[in-house]
Amino acid sequence: MSLTPTDSTLGSPLSASPSTPRASSRRSASKQSSPAADPAPALHSGVATFTHLTHKLEEYLTPSELKKVKEAYRFSDEMHLGQMRKSGEPYISHPLAVAEICADWKLDAQAMMAALLHDVMEDQGVRKEELIERFGAQVASLVDGLSKLDKIEFQSQIEAQAENFRKMLLAMARDVRVILVKLADRLHNMRTLGSMPPDKRRRIARETMEVYVPIAHRLGLNNIYRELQELSFSHLYPLRHKTLSKAVKAARGNRREVVTKILESVTSTLIAAGIPAQVDGREKTLYGIYRKMRNKHLSFSQVLDVYGFRVVVDSFANCYVALGTLHSLFKPMPGKFKDYIAIPKLNGYQSLHTTLIGPYGTPVEFQIRTQDMHRVAESGVAAHWLYKDDEGSLTDLQQRTHAWLQSLLDIQKQTGDSAEFLEHIKVDLFPDSVYVFTPKSKIIALPRGATALDFAYSIHTDIGDQTTSVVINHEPAPLRTELHNGDIVEIITSPSSRPSPNWLGYVRTGKARSAIRHRLRTVNLVESQALGKRLLTNALNTLGLEPDLPGALIERLLNESSAKTMEELYADIGIGTRMAPLVARHIMGMTEGGGAIPQLDVEGQMLPSKPDPVVITGNEGSTVQLAACCLPIPGDKLIGHLKHDQALIVHVEDCETAKRHREKEPDRWIEVNWASELNRRFECRITILAHNQKGTLARIAAEIGEADAHIVSVSMDDDGDPSMKHLRFTIQVEDRVHLARTMRGIRSIDSVTRILRERN
């Protein structure tokens, strides 16, 4: 058993050599001036040379494979000759550093060649045919998947970025080595980002945090995930990073006594129990501390569990023996135990997690795992990826990863453009997951917040499309029911069932959303076209343009928008894949050469006409959604937010969230009214403060039923006083009058002291 005090990276002890792949790249002046500071992972100070890379490759490549890698290096060196990085280093130092990271993962010769050649197509104009001739089709395919689409003209930077990601992710779906090399490339670029202008640093850091960090987590590359996250934080918020770094250093001395005491107690207890183990103390990353402070509104002094401990044992059985031993040493915190060994995370991660009350009342987190689990936890898919087509030879982790990669191809088939594809993928990259069971006890992992309908689409697209009802834990439940760990879910289908636009309001996964949108394009086409035309007319009126466009202008608009007909353009707007305000502005830019004539005042200035309010019925689904923050109901004054990717979000006019967004984007808000006839009920939230008396909940539920309102959900918590309870109901009502009648009935109960409608 070894006792190792910790450095500041999560899970990196001071006395142990880090298992994160580190490129031995030359430290440039740009990196030294970077705001990234301790506890961000440190770089090697050695010079990146092919000799150093060769020593690593000789450990696992054959002489013939090593010869091919040398040929790739010579070609890359020749192509990049004279090219310099922003930091002043020869450009070849970058491919070498990327290759060293890949060598630490022991990627095969083809991946190593691609790492060395990954920029020759993009920067030096080398054609794919030449790479095929020199290095083979697979290497050329890998390099092509890593190359951006700089030669294609896009209407916007966002569209170009989305298309580049789409190309990379689809290449990854065919061969996971593409994303491994790309992550190594991004890691080295982030390590040397200090030489870039501040605005470019922030843009690259934000892109890394939104896309590459979740991908690294999804593939189980936890060391890369943590380092990219930490580096992104340091460049996005340099002052916060610096301030927090100083606070951690100042507090480290005060907390070292606690850490040492815990390490000694745990070590001696495990030795006495006869459990061979390695115990490491570790400190959370700065970003982990910052995220907890932000999410829970805590000051630094209130974040107590800055330290955690990892216990690595020799066998599967001893994981649970060690857990019991630790629980006998310190008291466990209720609800803070998770068994990721019995049910691994999506990325293959396995450990027992428990939080104990340590000395001085400090909560301390422990992770317990075997050495094999530790290896997968740090390197994920890269720990043992086999480049074989035979699915029978794959491990459970590889099969799960293969299934996820294949789902990317399914989403691509159902989405209309790159921006929509990227939107769906980002949703699926959220790291938190819930694990539910089929009636045959098969485990299905879904993103946190996923609903029963997401579960149906995760089984098969056809099952999702034909879903009529769902049974959760042997009880009927609504399709929108949010799933929780351990739920047993059964889907009831009918061949005559079809997706509803309302489904888009509560599905969570990219696969479900893309499948529903694909189906709606063909089934609910007329409805989408009508709403799209209405939205575009409103946007044109807002800009002072006539909605009746001349034929020449329509023809030009269709050519530039890649739509075949105006009906197709209206349908895209109605579904939410195009934004009416953006199309209207594009039309305005084309009117300079004739076409639609804007309305002018007596001085010749453009005179925007008062746009007609968008009238909604509450049934529009994907194209018009009622905001979850304020849950509008008929009778509320409304305001509509034209989102960049979801058509129209309807808020109550005095919603605090809407007010904040209107300050940022005042030109993306329009007037919205309720239709005169509504044929459905609407959800709203009410909070009740009541005395904790027997039968109070039953009486409240009875009053809600008596008022002909429907209960969707109910929760309860203490108000600090054991004699009082806060009850939170989500109910369905027809309008504000119906809600007022329901609240009056509840207020008449003698044990109820206060009732109000929640708006945010």
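The values are calculated or read from the model by the stated rules, or taken from the named source; none is laboratory data. Worth saying up front: this structure is predicted, and the values here are computed from it rather than measured. Counting neighbours? That spans all protein chains shown, and the Cβs are built from the backbone with ideal geometry, glycine included. Note: accessible area is taken over every heavy atom of the protein model, side chains too, but ligands, DNA and RNA are not part of it. Shrake-Rupley method; radii C 1.70, N 1.55, O 1.52, S 1.80 Å.
Listed values, structure above:
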| quantity | calculated |
| --- | --- |
| Filter result for the condition that a residue is touching a helix residue (DSSP H, G or I) at 6+ places or on another chain (Cβ under 6 Å) and either more than 29 Å from GLY640 (Cα to Cα) or open to solvent by 80 Å² or more (accessible area, probe 1.4 Å) (or both), over ILE755, ILE749, ILE688 | ILE749 |
| Residue list for segment 53-64, restricted to those being surrounded by fewer than 16 Cβ atoms within 10 Å (Cβ to Cβ), assigned to a helix (DSSP H, G or I) and of a type outside the set (Ser, Thr, Tyr) | HIS55, PRO63 |
| Residue selected from segment 81-96 under the condition part of a loop (DSSP other than H, G, I, E, B) and without any contact (Cβ under 8 Å) to a residue 40 or more places away in the chain, by the criterion most open to solvent (accessible area, probe 1.4 Å) | LEU81 |
| So GLY288, is it buried (at least 16 other Cβ atoms within 10 Å of the Cβ), part of a helix (DSSP H, G or I) and modelled with pLDDT under 90 | yes |
| Single match in GLY695, GLY705 (criterion: at positive phi and open to solvent by less than 70 Å² (accessible area, probe 1.4 Å)) | GLY695 |
| Test: residue in segment 465-484 that is outside any strand (DSSP E or B), open to solvent by 50 Å² or more (accessible area, probe 1.4 Å) and closer than 29 Å to GLU568 by Cβ | yes |
| Qualifying residue in segment 191-209 (condition: of a type in the set (Lys, Arg), in a helix (DSSP H, G or I), farther than 18 Å from LYS86 by Cβ and open to solvent by 40 Å² or more (accessible area, probe 1.4 Å)) | yes |
| Which numbered condition SER723 misses (of (1) over 39 Å from the mean Cα position of the chain (by Cα); (2) within 30 Å of SER676 (Cα to Cα); (3) in contact (Cβ under 8 Å) with a residue 12 or more places away in the chain) | (2) |
| Subset of segment 506-565 that is of a type in the set (Gly, Ala, Ser) and closer than 28 Å to LEU453 by Cβ - its residue that is most open to solvent (accessible area, probe 1.4 Å) | ALA530 |
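Conditions (1) free of Cβ contacts under 8 Å to residues at least 40 places away in the same chain; (2) closer than 30 Å to PHE316 by Cβ; (3) of a type outside the set (Phe, Trp, Tyr), marked per residue:
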| residue | (1), (2), (3) |
| --- | --- |
| LEU187 | no, no, yes |
| ARG191 | no, no, yes |
| GLY194 | no, no, yes |
| ARG202 | yes, no, yes |
| ALA205 | yes, no, yes |
| THR243 | yes, no, yes |
| THR267 | no, yes, yes |
| ILE275 | no, yes, yes |
| VAL279 | no, yes, yes |
